Amino acid sequence: MKLNEKAFALACAAAFGIVWLVCSMVVMMLPDMMSSMTGNMLHTDWKILGWQMSFIGVFIGGFFWVLFAGVTGGIVAKVYNNLNSK
């Protein structure tokens, strides 16, 4: 099976964009809980740092995550197609 590289890249970008928006909304609504959860996942204490999040930061960060995910998805599809054709 061959992957459509452009479609796969767009799907990765869209999925990461959705996850980024949901995560950003949860952080904005429940900053203490998310800070505690992040600290537990990274074995650190993030509560002293606090969250500094603005709407422009959400959009700029989201743009770069979507771009990175799309490029990565395209590379993954290209590598998969090359490995699968041999």
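The values are calculated or read from the model by the stated rules, or taken from the named source; none is laboratory data. All values reported here derive from a predicted model rather than from experimental measurement. Ligands, DNA and RNA are excluded from the accessible area calculation, which covers all protein heavy atoms including side chains. Shrake-Rupley method; radii C 1.70, N 1.55, O 1.52, S 1.80 Å.
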query: Just by accessible area at a 1.4 angstrom probe, what is the order of M28, M34 from largest to smallest?
result: M28, M34
query: Cross-link partners among lysines for K2, C-alpha distance below 17 Å, same-chain residues fewer than 8 apart left out?
result: K78, K86
task: Treat the chain as a sphere of radius equal to its Kirkwood radius over Cα pairs and apply Stokes-Einstein at 37 °C in a medium of 0.692 mPa s; give the translational diffusion coefficient in µm²/s, rounded to a whole number.
output: 223 µm²/s
message: Before I look further, what does the chain give for accessible area per residue, probe 1.4 Å, in whole square angstrom?
response: 77 Å²
query: Which ³J(HN,Hα) values in Hz, rounded to whole numbers, follow from the phi angles of region 67-84 under the Karplus curve 6.51 cos²θ - 1.76 cosθ + 1.60, where θ = phi - 60° and Gly and Pro get x?
result: 4, 4, 5, x, 5, 4, x, x, 5, 4, 5, 5, 5, 4, 4, 5, 5, 6
- request: Could you state the angle between the C-alpha long axis of helix 5-29 and the longest principal axis of the C-alpha atoms of the chain, as a value from 0 to 90 degrees rounded to the nearest 10?
  value: 10 degrees
query: By how many nm would the segment from W46 to M28 lengthen if fully extended, with 0.36 nm per residue of separation less the alpha-carbon distance?
result: 5.0 nm
message: Nearest 10 degrees is fine. How inclined is helix 31-42 to the longest principal axis of the chain, computing both from alpha carbons?
response: 60 degrees
